[in-house]
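Data block below; observations after.
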């Protein structure tokens, strides 16, 4: 790997960890908001108006940031069924197609998410007293990160890096479970 590519991969790795931590913190905060909502509703008999929309907004953030992390760590949707019957060259082509589709999807999220941001910028979320655009910033940020991470995978694969070698040797979880089940059944009979 070239020094420049290694430097970019290091920066994107740091950005990936930051997105993962932000998503985790958002999940914890959302849980606290919902717990506070329940406590206030059933114990104090006075629900705050900001907890539900605040929780939904936090959920948007951790979902889209988590999806971006999934793209970088190769947990996104792909051609899994075909990958286990094709030779290595065919697997590489399908993975490249998958990453290009993910890149296009991320760019679509940025484009259409930004249009929603512009459209709702002058509206106000009454319970939070902030711009309605804040509802759509997670779509734009998640789309940007998804695009960036998919582009990284495409560039690294095109540069000849063996980013798929570990995946080529791995047995899918369902197949591994089936093999374990068959081995256990054979031991019982024998």
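The values are calculated or read from the model by the stated rules, or taken from the named source; none is laboratory data. Everything numeric here is computed off the predicted structure, so don't read it as measured data. When we count neighbours, we look across all protein chains shown, and the Cβ atoms used for this are built from the backbone with ideal geometry, even at glycine.
A few points about this structure:
- Some residue of region 176-187 being exposed (fewer than 13 other Cβ atoms within 10 Å of the Cβ), more than 22 Å from residue 52 (Cβ to Cβ), modelled with pLDDT under 95 and under 23 Å from the mean Cα position of the chain (by Cα): no
- Residue match in region 92-102 (condition: more than 21 Å from the chain's Cα centre (by Cα) and over 26 Å from residue 17 (Cβ atoms)): yes
- Answer residue from region 123-150, given it is out of contact with any helix residue (DSSP H, G or I) (no Cβ under 6 Å at 6 or more places or on another chain) and modelled with pLDDT under 95 and is farthest from residue 9 (Cα to Cα) among those: 126
- Residue tally, condition outside any helix (DSSP H, G or I) and either under 22 Å from the mean Cα position of the chain (by Cα) or under 30 Å from residue 28 (Cβ atoms) (or both), over region 56-91: 7
- Inter-residue pairs, beta-carbon under 6 Å, first under 15 Å from residue 159 (Cβ atoms) and in region 5-21, second surrounded by fewer than 16 Cβ atoms within 10 Å (Cβ to Cβ) and modelled with pLDDT under 95, 6+ apart: none
- If you go through region 35-55 and keep only what is free of Cβ contacts under 8 Å to residues at least 24 places away in the same chain, closer than 19 Å to residue 126 by Cα and not in a loop (DSSP other than H, G, I, E, B), you end up with 37, 51.
- Filter result for residue 78 (at pLDDT 95 or above and either within 28 Å of residue 148 (Cα to Cα) or crowded, with 18+ Cβ neighbours inside 10 Å (or both)): no
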